[in-house]
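Accompanying notes for the structure given below.
The values are calculated or read from the model by the stated rules, or taken from the named source; none is laboratory data. It should be emphasised that the depicted structure is a prediction, and the values quoted were computed from it without experimental measurement. Here the Cβ positions follow ideal geometry from the backbone for every residue, glycine too, while neighbour counts run over all protein chains shown. Calculation scope for accessible area: heavy atoms of the full protein, side chains included, ligands and nucleic acids excluded. Shrake-Rupley method; radii C 1.70, N 1.55, O 1.52, S 1.80 Å.
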Amino acid sequence: MDTVRELVQFMQPNQRLDLKAVALTHVLGLTGSSEGKSAILSLDEMLMAIFGLTYDENQTVAKDAVLSLINLTAEEEAAIKVFQLAKQVQPTFAIVEVAAKHVTDEQSDLADPWSMVLSNLTRVESLVHEILGTLEKDEQTLPRLAKAFAQLDYNKKKAKLHYLAPIFCNLTQLCCHRKYQLLEKLLPFASFEGSVVRRGGTIGILKNVCFDVVYHDVILDEQGSILVAILQPLCGPEEFSDEDNDLLPIELQYLPESKTREEDPDLRKMLLECLLQLCSTRRSREILRSKGVYEILREYHKWEAKVAKDSDCLLACENVVDILIKPSIQANLSS
């Protein structure tokens, strides 16, 4: 503890660069262990010093400070501690605003690490309402974040911004922020092969929206782009009869032999849970049948049973199929 406290004096903005850099490198190393994090979190002056160094003119120092915050906010209790202290210090450290500013700055070298800090904070249920309120103070912030996520080359310093997906996933757990307009921008990333973080966060958004029946009519509309986004990762290269193909959305007809299914079982299960939620009314079940959902799941179940062999996914698939094909179950569901 005393050793950690002694480092604070070398982490002041007016200290020599070499001393700041060495001290912060040591602190960053400490955040990699539970004991080190506990020692840092018990010292408000250490956290305040880390806050201050995120503004440092030297990019290496600033980045190490933000990387330290990523590790320190990885667990819920610690994230709450960091968030609350940031509000209490004088002057306050506007951690949410600072993160959003970097993420939406096309020239920021720190956009990716700051997006990871914001992802950690929004994961905490007791903080997400306040964070959303902060982001909504400026009506342009959320649209800018959505634009930064939807445009793969948004950041000119080659930041990937994949962690915007779990940020929006966390925010869409709140009823007031389940925005269809947001979905339109993010739908393509439900099948994004370049990052499981981006893909998983997008599927999480789909699941959150599907859990709200208010949006079911929109999801199952004639265009069907949201339903296609849910079904596409569950589709393989199997050939269907002409009759079955005619049922499928045009985007899912005659898929190439190279078509693969979602490789992550947790994400496959989330997609199947989306479909289960969409089975909540007789009308929605009829629409799902008319769009060939049963036929897709029939082939998916064969693949899951023979190839992937995930028991949770098999059960989730069977739950949907049972509702789609069994009149006795249909009769017991709301209409």
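Scanning segment 21-37 for residues that are open to solvent by less than 40 Å² (accessible area, probe 1.4 Å) and more than 15 Å from residue 70 (Cβ to Cβ) turns up 21, 23.
The C-beta contact set for segment 66-92 (first residue of a type in the set (Lys, Arg), second residue at pLDDT below 95 and in a helix (DSSP H, G or I), distance under 7 angstrom, 6+ apart or interchain) is empty. For segment 187-227, the candidate set comprises residues that are of a type in the set (Phe, Trp, Tyr) and modelled with pLDDT under 95; within that set, the residue that is farthest from residue 273 (Cα to Cα) is 215.
Where helices (runs of 4 or more DSSP H) sit wholly within segment 225-335, those with at least 3 residues that are under 24 Å from residue 199 (Cβ atoms) and open to solvent by 70 Å² or more (accessible area, probe 1.4 Å) occupy 311-325. Among the candidates 113, 13, 91, the residue that is closer than 23 Å to residue 135 by Cα and either at pLDDT below 95 or in contact with a strand residue (DSSP E or B) (Cβ under 7 Å, 6 or more places away or on another chain) (or both) is uniquely 91. Of all residues in segment 38-48, those being closer than 22 Å to residue 17 by Cα and open to solvent by less than 10 Å² (accessible area, probe 1.4 Å) number 3. Only one entry in 63, 81 is under 16 Å from residue 12 (Cα atoms) and surrounded by 15 or more Cβ atoms within 10 Å (Cβ to Cβ), namely 63. The residues of segment 120-150 that are closer than 20 Å to residue 108 by Cβ and within 16 Å of the chain's Cα centre (by Cα), listed by number, are 120, 121, 122, 131, 142, 145, 146, 147, 148, 149, 150. Scanning segment 185-201 for residues that are open to solvent by less than 50 Å² (accessible area, probe 1.4 Å) and farther than 24 Å from residue 223 by Cβ turns up 195, 197, 200. Scanning segment 208-217 for residues that are part of a helix (DSSP H, G or I) and open to solvent by 50 Å² or more (accessible area, probe 1.4 Å) returns 213, 214, 217.
Take the conditions on the phi < 0 side of the Ramachandran plot, within 30 Å of the chain's Cα centre (by Cα) and in a helix (DSSP H, G or I) and apply them to residue 85. Does it pass? Here the answer is yes, as residue 85 does meet what is asked. Apart from one condition, residue 108 fits all of (1) crowded, with 17+ Cβ neighbours inside 10 Å; (2) part of a helix (DSSP H, G or I); the exception is (2).
Given the criterion outside any loop (DSSP other than H, G, I, E, B) and surrounded by fewer than 19 Cβ atoms within 10 Å (Cβ to Cβ), identify the matching residue among 143, 113. None of the others qualify; the one that does is 143. Go through segment 171-184 and give me each residue that's at pLDDT below 80 and either buried (at least 16 other Cβ atoms within 10 Å of the Cβ) or among the polar types (S, T, N, Q) (or both). Passing the criteria: 177, 178, 179, 181, 182, 183.
Evaluate segment 121-133: report whether one residue or more is at pLDDT below 95, in a loop (DSSP other than H, G, I, E, B) and open to solvent by less than 10 Å² (accessible area, probe 1.4 Å). Checking segment 121-133: not a single residue is at pLDDT below 95, in a loop (DSSP other than H, G, I, E, B) and open to solvent by less than 10 Å² (accessible area, probe 1.4 Å).
All of (1) in contact with a Phe, Trp or Tyr (Cβ under 9 Å, 6 or more places away or on another chain); (2) part of a helix (DSSP H, G or I) hold for residue 93 with one exception: (2).
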